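Right, one structure below, let's go through it.
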Amino acid sequence: MSTRRDFLHLTAAATAVGALVGSASAQAPASGPGHPIPPPSGEALRLVTFAPDAGSTPRLGVVRSDGRVVDLTQVGVPGVDPAQMVSLITAGPAALDAVRRAAAAGDGPQVETVRLLAPIPAPTRNIYAVGWNYLEHFAEGQAVRGTNAEYPAHPVFFTKGVNTINGPYDPIPYDASVSTAIDWEVELAVIIGTGGRNITEADAMAHVFGYSVINDTTARDMQIKLHGGQWFKGKSLDGYGPIGPWIVPASDLDFSNLRLLTRVNGVVKQDASTAQMYFKVARIIAELSHGLTLVPGDIIATGTPPGIGNARKPPEFLKPGDVMETEIVGLGTLRNVIQAVPA
């Protein structure tokens, strides 16, 4: 069991979703490494995929403002498969309204007692991502590379493989034979609700279902030194895309000025605002969909602010035992332990 894939299979929950990346114990609470899950605040709808216990299959739920998880398999929403988040996404506004009513009337266990999974545990398509979307991050990268290029006139796109998806409180595998330069990147994730091609910037926000927190965890040595310097492989290692802990519908959140934070072992490494995004969400969707069809459930990581480990002097990278916390204030927090792959 020396491979990263073996590690991920070893730590996966015993459920029917084989692509899930799990914690070392399927019974571990949602809170992860010894910390209580941050309580939800306000009345925003928080849509989760969760497992009530080790023997349960994943299902959809809503985390209420009192911290209780309403199991949507118990209430039933017409036209929605309660085991598939994308089913809810494609069902439209009427289904979301039904979920709101179910959440208000229902009850369930405290969120700390269940296991939260990635909201979309097994996407069918790669995660789309935007590079260099914060000017200061572009500048810090220029300093590392020793270049003086002009800022791109259009968003820089790449993708992360589907097996990067990881739970909000699950371990991130560390295999020194693969990479020893693991870096952090807090990002706002946009979840597409209505698909389309050649979407105009004016219409783009109507295609957004909601938002989540994602960390574009990156193997810098692989990204920079191997494979011609392209980004895909270094950003697509299995488990290198923790996301969650939930999706908040677009109608419930103003994403335009949210504080982004990365902490490693409690020390703040990134601290910025989505207001600093150079290419805003509408522009990203319009340019990405130009000649390329987006579908419901597509995930777009919108870029990271400055403060990455690779740009520090000396460079700083994650190591086994580190706790990486990825937070967007008002949206949610991820908490992932860096865990060595068994030899």
Exercise for the section: Set the Förster radius R0 to 51 Å, insert the Cβ-Cβ distance between residue 233 and residue 112 as r into 1/(1 + (r/R0)^6), and round the FRET efficiency to 0.05. Expected result: 0.90
Exercise for the section: Subtract the Cα-Cα distance of residue 151 and residue 200 from 0.36 nm times their separation in residues, and report this length gain in nm to one decimal. Expected result: 15.3 nm
Fill in the blank from the handout: Taking every other residue with Cβ under 11 Å from the Cβ of residue 212 and scoring Lys and Arg +1, Asp and Glu -1, one gets 0
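Can you give me the Rg/Rh ratio for the range 203-343, using Cα atoms for both radii and the Kirkwood formula for Rh? Let's see the in-between values first.
Details: Rg = 16.1 Å, Rh = 16.6 Å.
Result: Rg/Rh = 0.97.
Please compute the contact order of the range 187-279 in relative form: average sequence separation of alpha-carbon pairs under 8 Å and at least six residues apart, divided by the residue count, as a percent. Don't skip to the end; give the middle numbers.
Working: 126 pairs, mean separation 21.1, N = 93.
Contact order relative to length: 23 percent.
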Fill in the blank from the handout: One finds, for residue 65 and residue 136 with R0 = 35 angstrom and r their Cβ-Cβ distance, a FRET efficiency to the nearest 0.05 of 0.50
Practice task
Return the FRET efficiency for the residue pair residue 278, residue 94: r is the Cβ-Cβ distance, R0 is 51 Å, and the value is rounded to the nearest 0.05.
Solution key: 0.90
Exercise for the section: List the lysines whose Cα lies under 28 Å from the Cα of residue 319, skipping any in the same chain that are fewer than 8 positions away. Expected result: 160, 225, 233, 235, 269
Problem - Simple label model, 7 Å out from Cα along Cβ direction - residue 290 to residue 73, nm - result: 4.5 nm
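Just subtract the alpha-carbon distance of residue 83 and residue 105 from 0.36 nm times their residue separation and send over the number in nm, one decimal.
Values: separation 22, 0.36 × 22 = 7.92 nm, distance 2.02 nm.
5.9 nm is the gain from fully extending residue 83 to residue 105.
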Problem - Computed over the range 191-343: relative contact order in percent, which uses C-alpha pairs under 8 Å that are six or more apart - result: 32 percent
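Values in this text are rule-based calculations from the coordinates and carry no lab data. Remember, it's a predicted structure, so these values are computed and weren't measured experimentally. Every residue, glycine among them, receives a Cβ derived from its backbone with ideal geometry; neighbour counts consider all protein chains shown.
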